[in-house]
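The values are calculated or read from the model by the stated rules, or taken from the named source; none is laboratory data. A quick note: this is a predicted structure, and the numbers were derived from the prediction, not measured. Heads up, the Cβs are rebuilt from the backbone with ideal geometry, glycines too, and the neighbour counts pull from every protein chain shown. To get the accessible areas, we keep the full protein, side chains included, count just its heavy atoms, and leave off ligands, DNA and RNA. Shrake-Rupley method; radii C 1.70, N 1.55, O 1.52, S 1.80 Å.
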Amino acid sequence: MLRIVNRVLLAAAGCTLFCLGLAVLVGTLDLPSRWGFTPPSWWTWRTPESVLLSAADRVRHRDAGWWWPVVIGVLALLVLLALCWLLAQLRRQRLSEVLVDSGDGVGALLRGRALEEVVAAEAEALPGVDRARVALVGRRDQPRAEVGLSLAPQARPDEAVRRLRAEAVEHARVSSGLSALPAEARLRAAKHGPERVS
């Protein structure tokens, strides 16, 4: 989801900046008079001396008490959204590949998604585990696994975590040739509908 939001926001920001740059360039180079075309009436930059806001535009809403609080509120909201977006970028990203020691001194690359799916499938096969989600983070030569387990009502959390570490995570570590594969498990109870007793 974050990848889609990033692409949409970056595309929108890129198009906006590109259009603003073209508008400034047209006014700065005085292209309307050089090329003989008339810009629309709402066009702000007509000549190199044009400004974004004229003196009349700057004082138009001076008497309106709502104007400056709205402007400051909108700008503060934009800054807050930009900070949220930045913090989302700084979160740990999933590994796309893991570096595996193949024994010949060169190494091999293992797809991170494949290793995640194997660990998740083995974790879901454990008794009491309804669903498992796995994400590999860290560096590709020292990955860490973040595992989210959704436990059934009859599950024993201590047993699920012990078997997750001893079986699913350990099998992934051994099969990928890693010296260590630290894992962090987050447990939550699976939601289930009400049962009818007759």
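Taking the conditions (1) farther than 16 Å from LEU99 by Cβ; (2) crowded, with 16+ Cβ neighbours inside 10 Å; (3) at pLDDT below 85 in turn, ALA160 satisfies each one other than (3).
With the requirement that a residue be touching a strand residue (DSSP E or B) at 6+ places or on another chain (Cβ under 6 Å) and part of a strand (DSSP E or B), what does region 139-150 give you? Across region 139-150, the qualifying residues are PRO143, ARG144, ALA145, GLU146, VAL147, GLY148, LEU149, SER150. Of the residues making up region 115-132, those that are surrounded by 15 or more Cβ atoms within 10 Å (Cβ to Cβ) and farther than 18 Å from ALA166 by Cβ number 2.
Pull up region 170-189, narrow it to residues that are open to solvent by less than 50 Å² (accessible area, probe 1.4 Å) and under 26 Å from the mean Cα position of the chain (by Cα), then point me to the one that is nearest to ALA125 (Cα to Cα). Restricting to residues being open to solvent by less than 50 Å² (accessible area, probe 1.4 Å) and under 26 Å from the mean Cα position of the chain (by Cα), the top hit is ALA185. Yes or no: GLN93 touching a residue at least 24 places away in the same chain (Cβ under 8 Å), open to solvent by 80 Å² or more (accessible area, probe 1.4 Å) and over 14 Å from VAL147 (Cα atoms)? Yes: the conditions hold for GLN93. Residues that are in a loop (DSSP other than H, G, I, E, B) and either at pLDDT 85 or above or farther than 23 Å from ASP30 by Cα (or both) within region 44-73 comprise ARG60, HIS61, ARG62, ASP63, ALA64, GLY65, TRP66, listed in sequence order.
Quick test for you: out of ALA88, ALA76, pick the one residue that is modelled with pLDDT under 80, under 30 Å from ARG7 (Cβ atoms) and of a type outside the set (Ser, Thr, Tyr). Selected residue: ALA88, the only one of ALA88, ALA76 that is modelled with pLDDT under 80, under 30 Å from ARG7 (Cβ atoms) and of a type outside the set (Ser, Thr, Tyr).
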